[in-house]
Amino acid sequence: MNAQTGPAAEPPTHGRHAAPSTTEDRPTDRAPRDDARRGAPDAEARAARSDRARAEARLGWYLAGPAFVVMLAVTLYPILQAVYDSLFNYKLTAPDDRSFVGLNNYVVILTDPVWWQALWVTLLITVITVAIELVLGFALALVMHRAIKRLRGLLRTAILVPYGIITVVSAFAWFYAFDITSGYVNHWFDWVPGIGPDLNWFAQQGTSLVVIIASEVWKTTPFISLLLLAGLAQVPGDLEEAAKVDGATAWQRFTRVIVPNMKAAIMVAVLFRALDAFRIFDNVFIMTNGANGTEVLSLLAYRTSIGQLQIGMGSAISVLLFLCVLLICFVAIKLFKVDLAGARGEK
């Protein structure tokens, strides 16, 4: 058998014996066709999701629309009426002497130190109570979330008991507990420096605000803990387990895993509680009636409208209070920067 010593013959390039072409020689129009095939289901899926989102939005409006219309009708008219009355010098003691004064009522209020004192006290109570309640509420929410299943129901019921008590009843209970004649706090805690049988808690601003803030914290901390508990239920357990496996401490898991995933729940809890605390009335009215520098904006509006029967001036105070509430909402939303749609997974 003779060995071939010459160069190997090149394979034919045409015909049925042609050699298969390399990757570079193959046509490249298959990739766009494959991308088009894959893109079609993606477009259909996006269209299906958008249709479903629109259907869910319509269903949401159908369900919430009637309640929204009723709430708007109930709240919008008093607001517009208050705005209208605030433009007049109107007293119930002289209803026939009603005269248009424009923005003069607002000028009088904003130049009166009584308004700024009441605003300062209201902000002080709001900031301190919300800060304390956020810390305590987080602790209680963690306790309720991690409690043994057999004790969860009993524990949650015990924690939520103060929130079920009427605010007026709670205010009277705290008043009689700290009152110098009928209270027991001075006798029980006389071993604490500064507390004695002769201490009158409601005779000065500092101690009065301490009792008012303590009563607010005791009453409404369960509410904020309930909202935070709902947020804790949304935190994926896999993230906590992964962080624990990676060696993260309990504090690191709390600050880097739990809190970032609860941003929406924290914003809702802080916003709701701040709006409620800013409108505080019952505790101050029952304990001090605004004496010793404890008057708040709601009590100022009540004194002006109901006590002095100055409807125009009281309406102006109420409108300013409403604007403060809107400002708190705006600041809270901008501060937390929470995308609620993204938090629900709609993006």
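The values are calculated or read from the model by the stated rules, or taken from the named source; none is laboratory data. In this text the structure is predicted, and so the values were computed from the model without any measurement. Here the Cβ is made from the backbone with ideal geometry for all residues, glycine too, and neighbour counts use every protein chain on show. Heavy atoms of the whole protein, side chains included, go into the accessibility calculation; ligands, DNA and RNA do not. Shrake-Rupley method; radii C 1.70, N 1.55, O 1.52, S 1.80 Å.
Brief remarks on what is shown
- Sole exception among (1) open to solvent by less than 30 Å² (accessible area, probe 1.4 Å); (2) closer than 16 Å to Gly231 by Cβ; (3) without any contact (Cβ under 8 Å) to a residue 40 or more places away in the chain for Asn261, by number: (1)
- Residues in the stretch 189-229 that are part of a helix (DSSP H, G or I), without any contact (Cβ under 8 Å) to a residue 40 or more places away in the chain and in contact with a helix residue (DSSP H, G or I) (Cβ under 6 Å, 6 or more places away or on another chain): 2 in all.
- Against the criterion of being loosely packed, with under 12 Cβ neighbours inside 10 Å and modelled with pLDDT under 95, Asp112 does not qualify.
- Screening Gly137 against (1) over 27 Å from Thr294 (Cβ atoms); (2) open to solvent by less than 20 Å² (accessible area, probe 1.4 Å); (3) not charged (D, E, K, R) leaves a single unmet condition, (1).
- Among all positions in the stretch 232-239, there is at least one residue which is assigned to a helix (DSSP H, G or I) and of a type in the set (D, E, K, R).
- Residues satisfying the stated conditions in the stretch 168-188, i.e. among the hydrophobic types (A, V, I, L, M, F, W, C) and in a helix (DSSP H, G or I): Val168, Val169, Ala171, Phe172, Ala173, Trp174, Phe175, Ala177, Phe178, Val185, Trp188
- In the set (1) in contact with a helix residue (DSSP H, G or I) (Cβ under 9 Å, 6 or more places away or on another chain); (2) at pLDDT 85 or above, the condition left unmet by Ile159 is number (2).
- Trp61 vs. criteria of a type in the set (Phe, Trp, Tyr) and at pLDDT below 90: yes
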